[in-house]
Every structure is written in C-alpha cells, then in structure tokens.
1. Restricting to the range 52-75, count the residues that are without any contact (Cβ under 8 Å) to a residue 40 or more places away in the chain, in a helix (DSSP H, G or I), open to solvent by 90 Å² or more (accessible area, probe 1.4 Å) and closer than 26 Å to residue 35 by Cβ.
2. Check the range 65-75 and report whether any residue there is modelled with pLDDT under 90 and in contact with a helix residue (DSSP H, G or I) (Cβ under 6 Å, 6 or more places away or on another chain).
Amino acid sequence: MTENTAEPAEMRFDTLEAFQAYLAAVNEPTNAPGDTQLRMLRHAMQDTTPACRNDERFVADYLTTQHRFELGKICRACPLRAACRAYATRARPEAGFWAGEMYDGPTARN
C-alpha cells in the first residue's frame with residue numbers, strides 16, 4: 001500500500017526569474033489580499049528592473065544572518081522597494097525576502 005505524499009497546494013519557485021515569469025503570466029485580478037499591490041508591482045517591473053533580479057537568495061528557503069544583511073542592503077537601494085513593500089505588507093507572502101524583510105511562514109512580520 002502506497003502512502004499519499006501529495007504536498008499541499010502551494011507554489012514554490014526555484015528561481016527569481018521563474019517567479020517573475022509567473023507574475024507576468026497572471027493578468028486577472030483575484031481580489032486576494034495584495035492583488036492590487038501585486039498588479040502595481042508587476043506594472044512597475046515593466047519599466048524598472050528590480051535590484052533582486054537574478055539573485056536567487058531572494059527566493060531561498062533559508063538565509064544566513066549575513067545573507068539577510070546583504071539582501072537588506074540590496075533592497076534599500078532598489079527603486080521598486082515601495083511597491084514591493086506595499087505588496088508584502090498586504091499579501092504577507094509565505095516565503096521569500098521582500099522589501100528588506102524575510103517572509104517564511106504565517107507568523108512572518110512586516
């Protein structure tokens with residue numbers, strides 16, 4: 001007898017580019033928390049490259065204290081930080097480093 005090991009329905013992205021491709025493919029509003037902010041962030045990314053682009057640490061499951069410090073510096077200089085923070089504050093993502101904060105579960109703080 002085989003045990004059912006299906007994972008819960010949750011999205012994980014292996015790279016930042018995969019996440020960005022997902023964002024680009026999502027066009028319809030869902031009325032989910034942060035949907036408006038996500039659309040605004042996605043729109044801003046059409047004209048401005050986020051400072052986190054191609055840095056896979058932003059989607060890593062675990063970050064050292066040093067990595068968090070380094071990523072925080074990258075975020076502070078990012079021209080999309082305000083839009084990113086607006087999304088993260090409203091949607092409370094379950095994972096990733098957003099606008100200078102690590103989100104790693106339902107107890108993540110903004």
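1. Residues in the range 52-75 being without any contact (Cβ under 8 Å) to a residue 40 or more places away in the chain, in a helix (DSSP H, G or I), open to solvent by 90 Å² or more (accessible area, probe 1.4 Å) and closer than 26 Å to residue 35 by Cβ: 0 in total.
2. So the first thing to find is which residues in the range 65-75 are modelled with pLDDT under 90, and the list is none.
No: zero hits.
The values are calculated or read from the model by the stated rules, or taken from the named source; none is laboratory data. These numbers were taken from a predicted model, which means no experiment stands behind them. Neighbour counts run over all protein chains shown; Cβ positions are idealised from the backbone, glycine included. What goes into the accessible areas is simple: the full protein's heavy atoms, side chains included, and nothing from ligands, DNA or RNA. Shrake-Rupley method; radii C 1.70, N 1.55, O 1.52, S 1.80 Å.
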